[in-house]
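To start, the structure itself, in structure tokens.
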Amino acid sequence: MRLAAHLAGLAAVTTLFSGCTMTQTLAETVAPPLPSAPVAARIDHEITQLGHTRNDPYAWLKDENWQEVMRDPSLLKPEIRGYLEAENAFTKARLEDTTGALRETLFNEMRARIKEDDSSVPSIHGGWAYYTRYREGGEYSIYARRPASDAFNPDGPETILLDGDAMGKDQDYFAFGELEASPDHTLLAYGTDTKGSEYYEIRVKNIETGEDTGVLIENAYGAFEWSATGKAIFWVFRDTNGRPSAVYQRDLASGEDTLVYEEKDPGFFVGLGTSESEEVIFISAGGHTTSEAYWFPADELNPVLRLIAPRQTDNEYSVTHWDGQFYITTNTGGAVDFKLVRAPMTSSSREDWEDVIPHRPGTLLLGVHAQKDYLAVMEREGGLPRIVIQKRGDEARHTISFDEAAYDLDLDGGYEYHVPMLRFDYASPSTPDQVVDYNLDTHERILRKTREIPSGHNPADYVVERIMAPSWDGAEVPVTLLRHKTTPVDGTAPVLLYGYGSYGITIPADFRTGRLSLVDRGFIYAIVNPRGEMAKGYQWYLDGKLDKKTNTFKDFIAAGNYLVEKGYTRRGHLIAQGGSAGGLLMGAVANMDPGLFGGIIAAVPFVDVLNTMSDESLPLTPPEWPEWGNPLTDEAAYQTILAYSPYDNVAALDYPPMLITGGVTDPRVTYWEPSKWAAKLRAEAPKAGPYFLRINLDSGHFGASGRFEGLKETAIEYAFALAAAGQIDTVDLSKPE
């Protein structure tokens, strides 16, 4: 019976190309005016869990050999590939082709804002200045170095270490992972991913001869560290389920791998890092809310691991080596917004931890960066970041401050540990990125670079606002707005409302050149920081997860309604956009208030929450139970997730037009989630939409590789947004008959 049903489903799928059916005439199939929407076969698939039974009629879209497909997308079952190709053909004909001229214009605008032969500010290490640059027209970065004495001389002598354009030329997908020179700067280790599945290969190149040394490490997570001796590389292994689960030592002379650490709990991912002092290598293991760390001297081969503190549920910590001690950022002892403690390197217990910066409710401690005589502390208060500097042996602190209403700030590397210089990156929605070197002794700021916009950009032409939108329970939700100074605030402007809202990740008020193509056409670009992020501290995150997850969705809707109330726009004139967990947000708000939105862009959306959180084999499922709950064992978690999971709550609602994307090799949000969601939307709400599904058949979570290929995908999304806002009429977004 199952086989017969499957074959019937396969027959249904194979009739979908160009939207024709077996009953159509030959003439109709040869030149249809436009393809109709594909209709996926419905094959009953019952799932019984905690005494509850549900039917998932599109479960067949998940290839049971998905692990192999991640590594080789050509292995995808023909019937699944056929359906996805039919969806892509529909989207191309109905959306991409009908916005062709506009998409080309948008692409050319966005490309014209990119300095094609751009280069990074060099980072100085061991007598060399390392940097990346692009050639005119190049898709991928070139990694190069010059002598440190010529660090800031663009005409100084250059050695090209890796040429991304040459390496990615014949690949459907190409991305660099980590790149790092050996301690004596004679070798270069680097990772590459050619599938988008985030399985990296690590190779080692002789810098002087340019030759590959023959070192090949496979199934790597991308993270690695050199031994201080230069004789070994410590690297993170990614298992068959895609989880970073172990650390190995690769002996470069023998080619042998020795296990250093293995994590047995599938809910914990393994990480690896070297201290700024380069004296210590850390191995971390952690889930979303629990962590544990070990260390060993960087020059120790076949190391003996030293525990910093044993794992405790819902206790997090991260470690920096400074002034001969460990400085630890932690939430131990009820420090919700984290505090900074220190401990002797001989300690392996929290009992030895001494407060350096005590817990301050409302001031979120994000992390620290060490230079020999200074410690830089990243904080966020009132939604805005800042850097606080402390000198060794001196309790006095000073703050690096900024004046704009909303901005983004990040600490960067750039100098060796003994140099009293700190590098940071600054930007705002209207101010292009700046790279600043800060003299820790004199407090002098040296502007090393401002992002160049070749087609021109005047920050004074734009208005940046930061408002607080009251949510359903009175909580104030931060919203950052960017608009052109000529855009009226009278309810006529369309708004692109962007949101994420999970894992404590706060979407920054940064600068993105692509947004200007919407803003210059009269859009207001709005970034919402709902609960589930940490814009207002760690409690803001806690209030948007597990059984409080719906706060995230309600906050986003409240922000949209507040913009309507204040005259920025009107109902049905907001285009919502989010990706990954932000795609979950898109699916949830579509179910809760579809009439608020004129369109929805859901990129690689995490919408099949109940099924995914019930599948222990998927890479992220066990580590994410602390975020969403475990519906395999917890009845309350099952009911909570079932109540909001977008896929499980699709109904006959008047959904707005949607553009939904995914990638076949995506290990984070598997391709079948957006595919199943689109199929169910079309089946349950056929007179709403329309729904456009676009699946990358050769890439993963981050879409097409290459800086210009990525712009083409953004151009498709923005063309859809303009069409959904009624600003172009070349694409038919009317409801299906």
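The values are calculated or read from the model by the stated rules, or taken from the named source; none is laboratory data. Remember, predicted model here, so these are calculated numbers, not experimental data. Counting neighbours? That spans all protein chains shown, and the Cβs are built from the backbone with ideal geometry, glycine included.
For the stretch 481-510, how many residues are of a type outside the set (S, T, Y), assigned to a loop (DSSP other than H, G, I, E, B) and in contact with an Asp or Glu (Cβ under 8 Å, 6 or more places away or on another chain)?
The total comes to 8.
Under 6 Å by Cβ, and 6 or more places apart or on different chains, what pairs join a residue from the stretch 478-503 that is among the polar types (S, T, N, Q) with one that is surrounded by 21 or more Cβ atoms within 10 Å (Cβ to Cβ) and in a strand (DSSP E or B)?
T480/I527
Residues that are of a type in the set (F, W, Y) and more than 14 Å from A679 (Cα to Cα): does the stretch 43-63 have at least one?
no
Results for (1) small (G, A, S); (2) in the same structural domain as S705 (by TED's automatic domain parsing); (3) out of contact with any Phe, Trp or Tyr (no Cβ under 9 Å at 6 or more places or on another chain); (4) modelled with pLDDT under 95, shown as yes or no for each residue.
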{"position": "P122", "(1), (2), (3), (4)": "no, no, no, no"}
{"position": "G126", "(1), (2), (3), (4)": "yes, no, yes, yes"}
{"position": "I142", "(1), (2), (3), (4)": "no, no, no, no"}
{"position": "R146", "(1), (2), (3), (4)": "no, no, no, no"}
{"position": "M167", "(1), (2), (3), (4)": "no, no, no, no"}
{"position": "Y173", "(1), (2), (3), (4)": "no, no, yes, yes"}
{"position": "E180", "(1), (2), (3), (4)": "no, no, no, no"}
{"position": "L187", "(1), (2), (3), (4)": "no, no, no, no"}
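So which residues in the stretch 239-263 are of a type in the set (K, R) and at pLDDT below 95, if there are any at all?
R243
What are the pairs, 6+ residues apart or on separate chains, where a residue within the stretch 336-354 that is assigned by TED's automatic domain parsing to the domain that holds Q325 has its Cβ under 8 Å from a residue that is part of a helix (DSSP H, G or I) and loosely packed, with under 15 Cβ neighbours inside 10 Å?
Partner pairs satisfying both residue conditions: A343/D352; P344/D352.
Looking only at the stretch 332-364, count every residue that is assigned to a strand (DSSP E or B) and either out of contact with any strand residue (DSSP E or B) (no Cβ under 9 Å at 6 or more places or on another chain) or closer than 23 Å to L307 by Cβ (or both) and tell me the total. Full working, then the answer.
At the first step, the residues of the stretch 332-364 found to be assigned to a strand (DSSP E or B) are 339-344, 354-357, 363-364.
Within this subset, residues satisfying the condition of being either out of contact with any strand residue (DSSP E or B) (no Cβ under 9 Å at 6 or more places or on another chain) or closer than 23 Å to L307 by Cβ (or both) are 339-344, 354-356.
So the count comes out to 9.
Per-residue answers, yes or no, for (1) at pLDDT below 95; (2) of a type in the set (V, I, T); (3) more than 19 Å from the chain's Cα centre (by Cα); (4) closer than 20 Å to A723 by Cβ:
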| site | (1), (2), (3), (4) |
| --- | --- |
| A576 | no, no, no, yes |
| G595 | no, no, yes, yes |
| D608 | no, no, no, no |
| D615 | no, no, yes, no |
| E627 | no, no, no, no |
| E635 | no, no, yes, no |
| L642 | no, no, yes, no |
| P656 | no, no, yes, yes |
| T661 | no, yes, no, yes |
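Restricting to the stretch 389-403, and then to whatever is part of a loop (DSSP other than H, G, I, E, B) and within 23 Å of H321 (Cα to Cα), can you tell me which residue is modelled with the lowest pLDDT?
Among those residues, the one meeting the criterion is E395.
Being within 29 Å of L375 (Cα to Cα) and among the polar types (S, T, N, Q) is the requirement here; does T240 meet it?
For T240, the condition - within 29 Å of L375 (Cα to Cα) and among the polar types (S, T, N, Q) - is not met.
Conditions tested, residue by residue: (1) farther than 30 Å from L375 by Cβ; (2) at pLDDT below 95; (3) hydrophobic (A, V, I, L, M, F, W, C).
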{"site": "A460", "(1), (2), (3)": "yes, no, yes"}
{"site": "P470", "(1), (2), (3)": "yes, no, no"}
{"site": "P478", "(1), (2), (3)": "no, no, no"}
{"site": "R483", "(1), (2), (3)": "yes, no, no"}
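If D257 satisfies every condition in (1) within 22 Å of the chain's Cα centre (by Cα); (2) charged (D, E, K, R); (3) under 15 Å from F224 (Cα atoms) but one, which is the exception?
(1)
Just to check your reading of the model, which residue among L516, L447, L440 is of a type in the set (A, V, I, L, M, F, W, C) and outside the structural domain of G383 (by TED's automatic domain parsing)?
L516
Would you confirm, using the coordinates I've provided, whether L722 is in contact (Cβ under 8 Å) with a residue 40 or more places away in the chain, surrounded by 20 or more Cβ atoms within 10 Å (Cβ to Cβ), in a helix (DSSP H, G or I) and within 19 Å of the chain's Cα centre (by Cα)?
The answer is no for L722.
With the requirement that a residue be assigned to a strand (DSSP E or B) and within 15 Å of K205 (Cα to Cα), what does the stretch 158-175 give you?
Across the stretch 158-175, the qualifying residues are T159, I160, L161, L162, D163.
Hey, can you tell me all the residues within the stretch 534-558 that are of a type in the set (A, V, I, L, M) and over 23 Å from the mean Cα position of the chain (by Cα)?
A558
Could you tell me whether any residue of the stretch 20-29 is surrounded by 18 or more Cβ atoms within 10 Å (Cβ to Cβ) and either of a type outside the set (A, V, I, L, M) or modelled with pLDDT of 95 or more (or both)?
So far as the stretch 20-29 goes, no, none of its residues is surrounded by 18 or more Cβ atoms within 10 Å (Cβ to Cβ) and either of a type outside the set (A, V, I, L, M) or modelled with pLDDT of 95 or more (or both).
Is it the case, given these coordinates, that D555 is acidic (D, E), closer than 27 Å to Y691 by Cα and at pLDDT 95 or above? Walk me through it before giving the result.
Working: acidic (D, E): yes; closer than 27 Å to Y691 by Cα: yes; at pLDDT 95 or above: yes.
For D555, the condition - acidic (D, E), closer than 27 Å to Y691 by Cα and at pLDDT 95 or above - is met.
Please determine whether any residue of the stretch 433-450 is at positive phi and not basic (K, R).
Yes: the stretch 433-450 contains one or more residues that are at positive phi and not basic (K, R).
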